[in-house]
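The values are calculated or read from the model by the stated rules, or taken from the named source; none is laboratory data. Since the model is a prediction, treat every value here as computed from it, not as a measurement. Keep in mind that these areas ignore ligands, DNA and RNA; they rest on the heavy atoms of the full protein, side chains included. Shrake-Rupley method; radii C 1.70, N 1.55, O 1.52, S 1.80 Å.
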Amino acid sequence: MVAGRRIRFTAVLVAVVFALTGFSSHGGSSSSGSSGKSKSSGGGGCSSSKTKKKSHSSGNGSSASPTPSPSSTAPAHAEVVSCAGAGKQEATLKVTSDMNTERAVEVPVVFEGTNGAAVDRNTIRLTLKANETRTVTVSMTQTDKAAEVKNCRLGRITRS
């Protein structure tokens, strides 16, 4: 008797979990009307929206921070390919337009030291075509402090 309740409870629990996670047990299509045509329901399967953060290393002991997620208003998104450090006074970025038209954007970079404090900062302005991806370099303004840089962090990308 108790085993039957456990099985029933487990079945209900599984059904609730599937319902809450968007899992659909029907095959992804449904019949509509008497015309015999079928429509795709767009459901089916299990989905997850986990995001992994990457840490980029430039090979000189300095690292790059994860790329900020593009928001609906951001004209572009970027990632740090390599960061400044001893013997290198610039950061290399890969910038991608999220717009359907040509747009000038500003990409701020903060060159950080070991404690996370800003050693230097600079902003690059560039014009990107619709959905264009471009690799650019951002030089430090205080090149004598390059050896202090351990990390490059991107600021919020704006239209210029």
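Students often forget the sequence filter, so: which aspartates and glutamates lie under 18 Å Cα-Cα from K94 once same-chain residues fewer than 8 apart are removed?
Qualifying aspartates and glutamates at Cα under 18 Å: E79, E102, E106, E132.
Roll a 1.4 Å probe over the protein chains and send me the accessible area per residue for the stretch 85-124 in Å².
Value returned for the stretch 85-124: 46 Å² of accessible area per residue.
Calculate what fraction, in whole %, of the accessible area of the stretch 111-160 sits on carbon and sulfur atoms when a 1.4 Å probe is rolled over the protein chains.
Whole-percent figure for carbon plus sulfur exposure: 42.
Could you calculate the contour length gain from T133 to K94, that is, 0.36 nm times the residue separation minus the distance between their Cα atoms, to one decimal place in nm?
Once the chain is fully extended between T133 and K94, it gains 13.4 nm.
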